[in-house]
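Note sheet for the following structure.
The values are calculated or read from the model by the stated rules, or taken from the named source; none is laboratory data. The structure presented is a predicted model; accordingly, all values stated were derived computationally and were not measured. Because the Cβ atoms are built from the backbone with ideal geometry, glycine has one as well, and the counts that use them run over all protein chains shown. Only protein heavy atoms, including side chains, enter the accessible area calculation; ligands, DNA and RNA are left aside. Shrake-Rupley method; radii C 1.70, N 1.55, O 1.52, S 1.80 Å.
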Amino acid sequence: MTPNTLVDIESLGCFVAAADLLRFRAAARRVGLSPAAFSERLRRLEEDLGERLFDRTTRRVTLTPAGSRLLPHARELLADASACAQIARGDGAPLPFALTVGSRYELAMSWMCPALNPLKEARPERTLHLYLGDTPDLMARLESGDIDAAVLSARVARVGLDSLVLHEERYVFVGRGHTLDNADQAGEHVLIDISADLPLFHYLLDGLNQTEPWSFKSHEYMGGIGAIRHRVLDGIGVAVLPEYFVREDLAAGRLTQLMPDLELRTDTFRLIWMGRHTRRDELVELARELRAFPLG
């Protein structure tokens, strides 16, 4: 790079996005450019600096030593550039930004949507977009950079992810007009769950320290807790469901808690995002705010 070479901020933003995600298409989506325009910005930046910043193969993208050296300074420059508008205005007003958070449909409708207005009032400069999907879809979109974070109770043990706990999720075994006190009575009932591997019923089995499935009369798989609740309310069968999701049904007597003395295994809702996200501090703050909104 010659002494008179200027590096533009937008190209540095592309570089940081590519360094965070190590996927050029996902990084291009994050900064709102086409893949071709994004690649051209990176090419010009490398040309201006006289250094190759990424090693690219058909399978992976990695930072070169020059890219690793540049990254912390690029982050600092971007932070300084973001502050310029505030300094120029002299009002200290924060700059507008947006985050897209993924969640399951039922959790979004019962918990996240009611929180959107208070969250907006607390941080007018922040726009929160929601994306609804199942766990595999949310994880794929998180890793591709299509969403910034996801609220999940699924256990995630993947390298490169950060998370913070939001709420404990308790489960209850429920039915309508059913009596079920032990495994011997299971043959009289239909078990309703999400899928054939019985992810919800295993919260009960784990509470009993029992791995063998009970012998129910039959099974129905509904794909989501909203449909399961509907079938249980219709008296079709029994199910394990999140306590917050059926709290009002239990209080109104529409559903009955089965085996109430049994303590089912609990789970935990977490806000999950890719490590080294450019808005990590904002995601940490969002997690703190979400904790203030109780489930249900």
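Summarising the label geometry, the points placed 7 Å from Cα in the beta-carbon direction at LEU119 and THR268 lie 2.0 nm from one another. Between MET259 and SER195, the modelled labels are 2.3 nm apart [label points 7 Å from Cα along Cα→Cβ]. For the pair GLU143 and ALA81, label points projected 7 Å from Cα toward Cβ lie 3.0 nm apart. In the context of the full set of protein chains, region 102-156 has a per residue accessible area of 44 Å² (1.4 Å probe). Mean residue ellipticity, 222 nm, helices only, the chain: the sum of -39500 (n - 2.57) across DSSP H runs of n ≥ 4, divided by residue count and rounded to 500, is -12500 deg cm²/dmol.
What's the longest piece of the chain with no exposed GluC sites (Glu not before Pro), counting a site as exposed if DSSP puts it in a loop and it has at most 12 other beta carbons within 10 Å? Present the calculation step by step, with values, prior to reporting the outcome.
Working: sites that count: GLU125, GLU263.
So the longest stretch without any such site is 126-262.
Quick one: accessible area per residue over region 187-296, 1.4 Å probe, rounded to a whole number of Å²? Walk me through the numbers before you get to the answer.
Numbers: 5360 Å² over 110 residues.
Per residue, region 187-296 has 49 Å² of solvent-accessible surface.
Note on GLU285 and SER215: the extension gain reaches 20.6 nm, defined as 0.36 nm multiplied by sequence separation minus the Cα-Cα distance. On the basis of the beta-carbon distance and an R0 of 41 Å, ALA186 and VAL61 show a calculated FRET efficiency of 0.20. Given R₀ = 30 Å, FRET efficiency for GLU40-LEU128 by Cβ-Cβ distance, to 0.05? Efficiency, rounded to the nearest 0.05: 0.40. Between GLU10 and MET109, the FRET efficiency estimated from the beta carbon spacing at R0 = 35 angstrom works out to 0.40. The charge dipole of region 198-296, taken about its Cα centre with unit charges on the Cβ atoms of Lys, Arg (+1), Asp and Glu (-1) only, comes to about 280 debye.
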